[in-house]
1. Arg80 fails exactly one of the following numbered conditions: (1) out of contact with any Pro (no Cβ under 7 Å at 6 or more places or on another chain); (2) surrounded by 14 or more Cβ atoms within 10 Å (Cβ to Cβ); (3) without any contact (Cβ under 8 Å) to a residue 24 or more places away in the chain. What is the number of that condition?
2. Is it fair to say Gly75 is surrounded by 13 or more Cβ atoms within 10 Å (Cβ to Cβ) and either touching a His at 6+ places or on another chain (Cβ under 9 Å) or modelled with pLDDT under 95 (or both)?
3. Among residues belonging to region 1-41 that are of a type in the set (Asp, Glu) and more than 15 Å from the chain's Cα centre (by Cα), point out the one that is modelled with the highest pLDDT.
4. Exactly one of these conditions fails for Thr78: (1) assigned to a loop (DSSP other than H, G, I, E, B); (2) among the polar types (S, T, N, Q); (3) in contact with a Phe, Trp or Tyr (Cβ under 8 Å, 6 or more places away or on another chain). Give me its number.
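The values are calculated or read from the model by the stated rules, or taken from the named source; none is laboratory data. No experiment lies behind these values; they were computed from the predicted model shown. Glycine also receives a Cβ, built like all others from the backbone with ideal geometry; neighbour counts cover every protein chain displayed.
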Amino acid sequence: MLNNCAFIGRLAKDIEKKTTQSGVSVTSFDLAVDRDFKDKQGNKETDWIPCVAWRHDADYLAQYAHKGDLVNVIGRLTPRKWQDKNGQNRVSYEIQVNNVYLLGSGKPKEAKAPVAQEPEYTPIEDDGSLPF
């Protein structure tokens, strides 16, 4: 038996990391995955895949991932059972992330590159004392 799936898509929004009471990092996010075909109007349909990442993967996404980034998610399909407000039993599915890879730049969110300043140049006058 094998429960393994892989998706490549774009993050629907910026990652919001949470921490459980026991200190474990977790994040839930949707991955926008375009289908390979177009409808009669020529538009591609998009599937919104709910994903959950834990520990290192949650920390990694929170630090480096941005809304719209192209991401490769590998994981397993997991059912989540719940009751709606009318007491009806419901099931929804999500991907429990085992590995995640950013397919873009992967620059840290906090790191904003400072504007490089040209060093001030002061010419040296050669009075004949320089060794070259």
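1. Of (1) out of contact with any Pro (no Cβ under 7 Å at 6 or more places or on another chain); (2) surrounded by 14 or more Cβ atoms within 10 Å (Cβ to Cβ); (3) without any contact (Cβ under 8 Å) to a residue 24 or more places away in the chain, only one is false for Arg80: (2).
2. Values: surrounded by 13 or more Cβ atoms within 10 Å (Cβ to Cβ): yes; either touching a His at 6+ places or on another chain (Cβ under 9 Å) or modelled with pLDDT under 95 (or both): no.
So Gly75 fails the test.
3. The qualifying residue modelled with the highest pLDDT is Asp34.
4. (1)
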